[in-house]
Amino acid sequence: MKTCKSICFLYMLFFAFANYAQETPEVVIETQQLSNNVYMLTGQGGNIGVCVGDKAIFMIDDQYARLTPKILDAIKTLSDKPIQFLINTHWHGDHTGGNENLAKQGVKIIAQDNVYKRLSESTPETPKEALPIITFNDKLHIHINGEDVLVFHVDNAHTDGDALLYFPESNVLHTGDTFFNELYPYIDLDSGGSVNGYIEAVKKALILIDDDTKIIPGHGKLGNKKQYQFFLSMLEDLKTNVLAEIELGKTEDEVANNSNITKTYDDLGYSWAFINSEKIRRTFYKSLKQ
Ligand SMILES: [Zn+2]
């Protein structure tokens, strides 16, 4: 009897562990080289950009706090120089979660004014070390590692504090969350995001780039101009379709339940766990109805 109990217990323990392992798979940080000195790192959360040089490293976004050691290990394989600056493309936790850890190592954090505001007013409270120490309003140039990096703010797009970064020497663009490559985007209406601002942001970024530009999207695989243009046409299509429904006097629930609005892109697999097709229809309705 006792043996049976022990075996049963071990059996349960094994399944509990197997389930846990399935729910929280080991995150692997993968690195892709995009130019001589610019890299894209993927793991869990927003895609990271890293620019290395003779003296220092410049980093864009930092995913979650628990991943900091793995991210730092991956960066160490690229350069033994210290990380001097970190830019947050916006305030969401999957892009700023490592801020405190990095600041404690002496990394200076830069972000748009509204990122500072939202982080400093958020609940639960953001640790002081995690707040940006340099903020900007409209745009900023960072002259580092042989690059004149252009950092520019777009109004009310994914949030109210989005920044995009363009590396002219490397011809690399980091879009922050103004681009979810081959996925429906999250547009955070509660943080000042809007459908019209989002569309304008993508148009603004497209002016800067050419067919050879490598694009680090906020989420999804490494992209190019063609994919970003297609993403824009998807946004414009959905806007046209949802506006037509609003014109007909349809309610939010009617739009949310009408899968014809998004069919073309649903068929292409744009719906995903966080933003499924119903959610994107609801977001477009809410934003465009305002
Ligand atoms: Zn985001």
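Figures for the structure shown
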item: Candidates 155, 162 - the one that is crowded, with 24+ Cβ neighbours inside 10 Å, out of contact with any Pro (no Cβ under 9 Å at 6 or more places or on another chain) and within 25 Å of residue 213 (Cα to Cα); result: 162
item: Those residues of the stretch 183-196 which are farther than 19 Å from residue 231 by Cβ and either of a type in the set (Val, Ile, Thr) or without any contact (Cβ under 8 Å) to a residue 60 or more places away in the chain (or both), in sequence order; result: 190
item: Residue identified as away from the ligand (no atom under 16 Å from the Cβ), in contact (Cβ under 8 Å) with a residue 40 or more places away in the chain and under 16 Å from residue 175 (Cβ atoms) among 52, 38; result: 38
item: Some residue of the stretch 237-246 being surrounded by fewer than 17 Cβ atoms within 10 Å (Cβ to Cβ) and outside any helix (DSSP H, G or I); result: no
item: Matching option when the condition is modelled with pLDDT of 95 or more, of a type in the set (A, V, I, L, M) and farther than 25 Å from residue 173 by Cβ, among 74, 111, 130; result: 130
item: Condition check for residue 262: polar (S, T, N, Q), within 16 Å of the ligand (Cβ to nearest atom) and either surrounded by 17 or more Cβ atoms within 10 Å (Cβ to Cβ) or within 29 Å of residue 31 (Cβ to Cβ) (or both); result: no
item: Members of the stretch 230-284 found to be closer than 19 Å to residue 200 by Cβ and among the acidic types (Asp, Glu), listed by number; result: 236, 237
item: Cβ pairs under 7 Å, 6+ apart, first in the stretch 157-182 and touching a residue at least 60 places away in the same chain (Cβ under 8 Å) and within 18 Å of residue 117 (Cα to Cα), second of a type in the set (Lys, Arg) and within 13 Å of the ligand (Cβ to nearest atom); result: 161/118
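So that you can scan it fast, the table gives a plain yes or no per residue for (1) among the aromatic types (Phe, Trp, Tyr); (2) not in a loop (DSSP other than H, G, I, E, B):
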{"position": "100", "(1), (2)": "no, yes"}
{"position": "111", "(1), (2)": "no, yes"}
{"position": "132", "(1), (2)": "no, no"}
{"position": "140", "(1), (2)": "no, yes"}
{"position": "148", "(1), (2)": "no, yes"}
{"position": "173", "(1), (2)": "no, yes"}
{"position": "184", "(1), (2)": "yes, no"}
{"position": "187", "(1), (2)": "no, no"}
{"position": "197", "(1), (2)": "no, yes"}
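The values are calculated or read from the model by the stated rules, or taken from the named source; none is laboratory data. A quick note: this is a predicted structure, and the numbers were derived from the prediction, not measured. Cβ sites come from the backbone with ideal geometry, for glycine too, and all protein chains shown count toward neighbours.
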